[in-house]
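The structure appears below as structure tokens.
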Amino acid sequence: MIDSQKSPDRPSRRAVLITGAAAAVGVAAGAGLVEAGVLPGRARVHDVLGLTGDDGVVPDVPAGQVESGSFESAARRTTVGWTVMYPHGYQPDAHLPVVLVLHGRGGDHSSAINDLGADRYLTAAVRAGTPPFALAAVDGGADTYWHRRATGDDPQRMLTTEFLPLLAKLGLSTDRYGVLGWSMGGYGALLLAAEVGPPKVIAAGAMSPALWHELADSTAGAYDGPEDFGQHQVFGRAAEFEEVALRIDCGRDDPFAEAVRDLRDEVRAEGGVQAGAHTSGYWRRMLADQLQFLGREIGS
């Protein structure tokens, strides 16, 4: 299973030329092994809770309270759905800090729970000693890539001027916050961190971010043209990431691995490139460490 995406992001030409046909076989095999839990993981939360076996399997812990709703977004010019997840045992009036959750291509606000089990991973993280926080997911559009488009659809403005005020009304602490995403949403998390930055965005976690060096290599429709591509790059912006805590993870058999390595060479970030592919199994496997990182940063 690849995200909740109907069609995954296309790998860059450079990655295809370098890896060749033999690597294509490796990607398929690697994805299967990750999904089956054969490849090793790094989910320390599982170890603390004694959850052995396939670390791509959602922890067998109770989910906390979940609130969902929708609002009419002027920034996105449509009705937007949202979901807020609390750790088990915590109520909405606890005034918890919050991490925005940005879904991948083809996904929506429900993907964090339906595809990744993020509500249960959140409970597991807090039970393992991570400072408590809430996760807040929202519809960013199936293929907007979380930035303003020529159509006028502006998911980033929706996040900052509409969704965050809604979260504040729900009782969450939004003066400073974290952001987490995977695939398209991983790129969106990094873009938000670069463009908004501290004192608002203090931590960003990205799993398999969809990154390209050249417009010609990008997925059709990800950008409106050369100007849009240039304005919304995350490469070459190390100074803007300097004061934001980063964790960037990617599977070695992921088509974005080469670009992720390049970005990691530019910035200071936790995480790394581990065994895995562009699959929900890999993202589940990395989610424990990502949530531990984010909770530590926004809860300090």
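Taken together, the values in this text are just the output of simple stated rules run on the coordinates, not laboratory data. Source: prediction; values computed, not measured. Here Cβ is always computed from backbone atoms with ideal geometry, including for glycine, and neighbour counts include all displayed protein chains.
Sort out for me the Cα centre separation of segment 169-246 from segment 79-100, rounded to whole Å. Answer, in whole Å: 22. Placing pseudo-labels 7 Å out from each Cα toward the beta carbon at Asp175 and His95 gives an inter-label distance of 0.9 nm. Once the C-beta distance of Ala150 and Ser300 is scaled by a Förster radius of 30 Å, the resulting FRET efficiency is 0.15 to the nearest 0.05. Spin-label pair Asp224-Lys200: with each label point 7 Å from Cα along the Cα-Cβ axis, the two points sit 2.0 nm from one another.
All other residues whose Cβ lies under 12 angstrom from that of Arg176 are scored, Lys and Arg at +1 and Asp and Glu at -1, for a net of -2.
How much length, in nm to one decimal, is gained on full extension between Glu242 and Thr161, taken as 0.36 nm per residue of separation minus their Cα-Cα distance? Extending this stretch completely gives an extra 26.7 nm. Of the trypsin sites (Lys or Arg not before Pro) found in segment 234-291, those in coil by DSSP whose Cβ has at most 13 other Cβ atoms within 10 Å are Arg268. Taking the fewest neighbouring Cβ atoms within 10 Å as the starting point, the ordered list for Thr79, Thr160 is Thr79, Thr160.
Fully extending the segment from Val57 to Asn114, taken as 0.36 nm per residue of separation minus the present Cα-Cα distance, adds 19.3 nm.
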